[in-house]
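Heads up: the structure comes next, in structure tokens.
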Amino acid sequence: MKKTGIFYGSSTGMTAEVARRLGKLLGVADADIHNVAKTSPAALGDYDIDILGSSTHGLGELQPDWYDFLAGASALNLSGKKIAIFGLGDESMSDTFCNAVGELYHRLKGTGAELIAEYPADAYDFNNSEARDGSTMYGLLLDEVNHPDLTPGRLEAWAEIIKKA
């Protein structure tokens, strides 16, 4: 079984809660779920699969704790590792919905890691997102503001995609 770590940045606790829910679905121990504000980027190297989660703030920015973490992470050689990304956002912010997912994706592309677990874009209603590549999203997008009822099913479906990676 592949060793999986979950890394999140959370200001209000919603992203942390989703990280824990995802961890339960994947059988990830609490000790392998990390707040990026308190974790060294080098910890990404401890896992076969790194799952990264951020909410989108302001006009489409990452959750603030991610910036220092990514400064170190983007310099790592993560060849042989797999990265999956999830994000929380508000679909009514239709021009920047879950942009943080796109920012994580673009910043980590050069690390040599294989980016996995895309999710269909047709599951959402928005105008623009940096998290989209054609008909797929770079990862799982969740809207706990307008569609919290969709989160459990989306998490379960995404967990199955990750398990097959």
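Residues in region 126-165 that are of a type in the set (S, T, N, Q), within 20 Å of residue 58 (Cα to Cα) and either open to solvent by less than 40 Å² (accessible area, probe 1.4 Å) or within 13 Å of the chain's Cα centre (by Cα) (or both): 129 alone.
Listed by first and then second residue, the pairs linking a residue in region 123-151 that is under 16 Å from residue 15 (Cβ atoms) to a residue that is outside any loop (DSSP other than H, G, I, E, B) and among the polar types (S, T, N, Q), with Cβ atoms under 7 Å apart and 6 or more places separating them unless they lie on different chains, are 131/99; 142/151; 144/151. Mind checking which residues of region 111-125 are open to solvent by 70 Å² or more (accessible area, probe 1.4 Å), farther than 16 Å from residue 53 by Cα and part of a loop (DSSP other than H, G, I, E, B)? Within region 111-125, 125 is the sole residue that qualifies.
Filtering region 75-93 to residues that are farther than 29 Å from residue 151 by Cα and surrounded by 17 or more Cβ atoms within 10 Å (Cβ to Cβ) leaves 76, 78.
In the set (1) farther than 14 Å from residue 3 by Cα; (2) buried (at least 18 other Cβ atoms within 10 Å of the Cβ), the condition left unmet by residue 49 is number (1).
The values are calculated or read from the model by the stated rules, or taken from the named source; none is laboratory data. Source: prediction; values computed, not measured. A quick note on method: Cβ atoms are made from the backbone with ideal geometry, for glycine too, and the neighbour counts reach across all protein chains shown. All accessible areas refer to the heavy atoms of the entire protein, side chains included, with ligands and DNA or RNA removed. Shrake-Rupley method; radii C 1.70, N 1.55, O 1.52, S 1.80 Å.
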